[in-house]
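The values are calculated or read from the model by the stated rules, or taken from the named source; none is laboratory data. Source: prediction; values computed, not measured. All Cβ positions, glycine included, derive from the backbone under ideal geometry; neighbour counts span all protein chains shown. Surface accessibility is based on the protein's heavy atoms, side chains included, excluding ligands, DNA and RNA. Shrake-Rupley method; radii C 1.70, N 1.55, O 1.52, S 1.80 Å.
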Amino acid sequence: MQERELDTKNAGYYAYAAARDARMRAAAMWSHYTQAERVRAERMKLALELCYSAKNFYINPRGRFITIKVERPRVVDRRNLELLEFDYEAQGITKIVTAQGITYRIPKK
């Protein structure tokens, strides 16, 4: 699977404001996606929940893609994760690794 690593920093003191801004931006961006794209993201999140043990899973719509963030992940089912990531790579989904967790990007069709 195509994987990139980003060197991003957390919001620190402004974490509350950053989270609120992200929620407002996500609410506005969902109008740009079809119901099928929303369901695809939700199904992908459920599949990742079976393979990872994490603090939280977030679905975040953006302008050109939908992201699924796995916060502080720990792999619990390595074999199924490899199969999922093989399928995701065929679909053009990319994996981004940061200090905060792992993010999967589903491109907009």
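Summarise the accessible area of the chain (1.4 Å probe, protein heavy atoms) by the percent that is carbon and sulfur. Kindly include the intermediate steps, with their values, before the conclusion.
On the way: 3870 of 7560 Å².
The C+S portion of the solvent-accessible surface of the chain is 51 percent.
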Note on the chain, DSSP bridge orientation, antiparallel percent to nearest 5 equals 85 percent
With every protein chain present, what accessible area does GLU71 have (1.4 Å probe, heavy atoms only), rounded to the nearest 10 Å²?
-> 40 Å²
Extension gain (nm, one decimal) between THR98 and ARG25, 0.36 nm per residue minus Cα-Cα = 24.2 nm
Please list the non-local residues whose amide H lies under 5 Å from the amide H of ARG62, H modeled 1.01 Å from N, same-chain partners needing a gap of 5 or more.
-> THR67
Please name whichever of ASN80, ALA36, PRO61 sits farthest to the positive end of the charge dipole of segment 29-94, dipole taken about the Cα centre and charges placed at Cβ: Lys and Arg +1, Asp and Glu -1.
-> PRO61
Can you give the charge dipole size of the chain about its Cα centre, rounded to the nearest 20 debye, using +1 on the beta carbon of Lys and Arg and -1 on the beta carbon of Asp and Glu?
-> 380 debye
Multiply the residue gap between HIS32 and GLU89 by 0.36 nm, knock off their C-alpha separation, and tell me the result in nm, one decimal place.
-> 18.2 nm
If each Cα of segment 44-109 is one equal point scatterer, what is log10 of I(q)/I(0) from the Debye formula at q = 0.12, 0.13, 0.16, 0.28 Å⁻¹?
-> -0.27, -0.31, -0.48, -1.40
Relative contact order of the chain, defined on C-alpha pairs under 8 angstrom at six or more residues apart (%) | 34 percent
